[in-house]
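Student: The structure under discussion is supplied below as structure tokens; questions concerning it will follow.
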Amino acid sequence: MSTIASTAPADHKKLWDLIKDIRFGMYTHRHASGMMHSLPLTTQNEAPDEGNRLYFFVARTSDAATQIAHDDNVNVSYTSPSDDSYVSVSGKVTILEDMAKKEALWTPMAKAWFPGGPADPNVALLEVHIGHAEYWDVKASKMVQVAKMLTAAVTGKPPTDLGEHKKLNL
């Protein structure tokens, strides 16, 4: 799988196409102690907005919200093993104080976690400004993958042409 760096709009669309069907991202942030911590969060937007942002509802008192003061660099990873697609995005996170945006993104699932609704003072909307993204989208069937891996093991040459791997600067 070759790596291509890209800023092409079609590759940005492909990134969002891979993300939109994976409802949970592993959100990784750094604690004040320096340790990395990951937790599953539901991506609220299903399409890109004008600024290439991801949105997540969290409790204002949660580590995900409070640790922003120590380090606002985050990573969100998505995986769909059944589709052989993998996405990693990194960027800066802020707490967005925008009631209209909270209401626009609000879902019945969010209500399960926050019964007080979007106006609940403990509901924080995390906004991740994506700076860099990378995706791997394997196109080869499982049989072809196994055959290429076996060939690579015998020849000592890495397998090629398994799919698409791109790095995006957003």
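Computed from the coordinates by the stated procedures, all read-outs in this text should not be read as laboratory data. All values reported here derive from a predicted model rather than from experimental measurement. So basically every Cβ, Gly included, is an ideal-geometry build from the backbone, and we count neighbours across all protein chains shown.
Student: What are the aspartates and glutamates whose alpha-carbon lies under 20 Å from the alpha-carbon of LYS166, with same-chain residues fewer than 8 places away excluded?
Tutor: ASP11, ASP17, ASP21, ASP83, ASP84, GLU134, ASP137
Student: I would also like to ask the following. Round to the nearest 0.05 the FRET efficiency obtained for ALA10 and SER82 when R0 = 22 Å and r is the Cβ-Cβ distance. All intermediate terms of the calculation are to be shown ahead of the outcome.
Tutor: Working: r = 24 Å, r/R0 = 1.09.
That pair, ALA10 with SER82, gives E of 0.35.
Student: At 0.36 nm per residue, and after removing the present C-alpha to C-alpha distance, how many nm does the segment from HIS129 to HIS70 gain when stretched out fully?
Tutor: Numbers: separation 59, 0.36 × 59 = 21.24 nm, distance 1.71 nm.
Stretched fully, the HIS129-HIS70 segment lengthens by 19.5 nm.
Student: Moving on to the next point. Suppose R0 equals 25 Å; then what is the FRET efficiency for ASP63 and MET99 from their Cβ-Cβ distance, rounded to the nearest 0.05? Walk me through the numbers before you get to the answer.
Tutor: Numbers: r = 24 Å, r/R0 = 0.96.
E between ASP63 and MET99, to the nearest 0.05, is 0.55.
Student: OK, next. In whole Hz and in residue order, list the ³J(HN,Hα) couplings for the stretch 38-46 that follow from phi through the Karplus curve 6.51 cos²θ - 1.76 cosθ + 1.60, θ = phi - 60°; x for Gly and Pro.
Tutor: Here the 3J(HN,Hα) series is 10, 8, x, 10, 7, 6, 7, 8, 9 Hz.
Student: Along each of the three principal axes of the Cα atoms of the stretch 95-137, give the extent in whole Å, ordering the values from largest to smallest.
Tutor: On the principal axes, the stretch 95-137 reaches 38, 22, 16 Å in Cα extent.
Student: Which of LYS167, LYS102 comes first, and how do the rest follow, when ranked by fewest Cβ neighbours within 10 Å?
Tutor: Details: LYS167 15, LYS102 22.
The order, fewest Cβ neighbours first, is LYS167, LYS102.
Student: Find, among the GluC sites (Glu not before Pro) in the stretch 43-124, those assigned to loop by DSSP (not H, G, I, E, B) with at most 14 other beta-carbon atoms within 10 angstrom. Mind dumping the intermediate values first?
Tutor: Details: sites: GLU46, GLU50, GLU97, GLU103; in loops: GLU46, GLU50, GLU97.
In loop regions of the stretch 43-124 (DSSP not H, G, I, E or B), the sparsely surrounded GluC sites (Glu not before Pro) are GLU46, GLU50, GLU97.
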